[in-house]
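Since the structure comes first, as structure tokens, the remarks are kept for the end.
The values are calculated or read from the model by the stated rules, or taken from the named source; none is laboratory data. Please read these numbers as outputs of a predicted model, since none were measured by experiment. Positions of Cβ are backbone-derived with ideal geometry, glycine not excepted, and every protein chain shown enters the neighbour counts. Surface accessibility is based on the protein's heavy atoms, side chains included, excluding ligands, DNA and RNA. Shrake-Rupley method; radii C 1.70, N 1.55, O 1.52, S 1.80 Å.
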Amino acid sequence: MPTPFGGDQHVERLPRLGHVSDAEREVAADNLQSGLSRSAVAAASLMTGVAMVVSVAIMIASFKQTVYTWVDQTVQADLIVSAADPSSGVSTVPLPTSLANELRTLEGVLEVDALRSRSITYQDRQVILNIADLDVFARHTEYPFLEGDHDAIFREVISQDSVIVSENFRYRFAVQRGDRVTLPTPEVPRSFR
């Protein structure tokens, strides 16, 4: 039975290289046949490795672009001031309200948005609650909403006891536009629309 790469018949098919003898060509043909399974595993591993590198590179590029887009749409500040927390880098220490008022008096300061972030428990899960001056936030962001007009949503939220929830929050807690959300406050839990 003929073998795909063995035997004298295939030695003649190998290209003649200037300094390679017939014996060397025959050994090469025999090695190709005997190492076929070994070569196939190596080739498959190489292809898998290249595919993984390409897919990870695409994923990283996509993630970077998503972060850049989010920052461009939501973070329009020239300067962000926060209290440093040496243990985590994220401050849970609020800055005094008077600091925001002082910053507003500085020459060249157009507006100040005093943002406060807190970790709270909502339906037995930890979530981040951001409290901001939505008048300022609305004027200086292109915050993307799943539905509705940007300006109309901010007018509605500012004029009523309303909250804006993230897409993650919406899906995690099955919250739809217009639903009521009860959040803990320093006095008692309050319901927001």
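Just to be sure before I move on: is S166 farther than 21 Å from T69 by Cβ and of a type in the set (G, A, S) in the structure I sent?
No.
Going by what's in this entry, would S91 be described as within 22 Å of V67 (Cβ to Cβ), open to solvent by less than 50 Å² (accessible area, probe 1.4 Å), modelled with pLDDT under 85 and of a type outside the set (A, V, I, L, M, F, W, C)?
Against the criterion (within 22 Å of V67 (Cβ to Cβ), open to solvent by less than 50 Å² (accessible area, probe 1.4 Å), modelled with pLDDT under 85 and of a type outside the set (A, V, I, L, M, F, W, C)), S91 qualifies.
Is it the case that some residue within the range 67-78 is assigned to a helix (DSSP H, G or I), modelled with pLDDT of 85 or more and either hydroxyl-bearing (S, T, Y) or over 30 Å from T141 (Cα atoms) (or both)?
Yes, the range 67-78 contains a residue that is assigned to a helix (DSSP H, G or I), modelled with pLDDT of 85 or more and either hydroxyl-bearing (S, T, Y) or over 30 Å from T141 (Cα atoms) (or both).
Quick one: T105 ticks every box in (1) closer than 26 Å to R190 by Cβ; (2) loosely packed, with under 12 Cβ neighbours inside 10 Å; (3) of a type in the set (V, I, T) bar one, so which box is it?
Answer for T105: the failing condition is (1).
Being modelled with pLDDT of 75 or more, of a type in the set (D, E) and open to solvent by 60 Å² or more (accessible area, probe 1.4 Å) is the requirement here; does E12 meet it?
no
What is the residue count in the range 147-193 for residues that are surrounded by 14 or more Cβ atoms within 10 Å (Cβ to Cβ) and of a type in the set (G, A, S)?
Qualifying residue count, the range 147-193: 1.
Of the conditions (1) within 22 Å of V188 (Cβ to Cβ); (2) among the hydrophobic types (A, V, I, L, M, F, W, C); (3) part of a loop (DSSP other than H, G, I, E, B), V157 fails just one. Which one is it?
Condition (3) is where V157 drops out.
Within the range 119-139, which residues are closer than 16 Å to V175 by Cβ, without any contact (Cβ under 8 Å) to a residue 24 or more places away in the chain and loosely packed, with under 10 Cβ neighbours inside 10 Å?
D124
Give the residues of the range 56-84 that are exposed (fewer than 10 other Cβ atoms within 10 Å of the Cβ) and among the acidic types (D, E), sorted by residue number.
Within the range 56-84, D78 is the sole residue that qualifies.
Is there any pair with a first residue in the range 168-187 that is part of a helix (DSSP H, G or I) and a second that is surrounded by 12 or more Cβ atoms within 10 Å (Cβ to Cβ) and not hydroxyl-bearing (S, T, Y) whose Cβ atoms are under 7 Å apart and which are 6 or more apart or on different chains, and what are they?
Short answer, once both residue conditions are applied: F169/V127; F169/V175.
Quick one: P144 ticks every box in (1) surrounded by 13 or more Cβ atoms within 10 Å (Cβ to Cβ); (2) farther than 18 Å from I80 by Cβ; (3) in contact (Cβ under 8 Å) with a residue 40 or more places away in the chain bar one, so which box is it?
(1)
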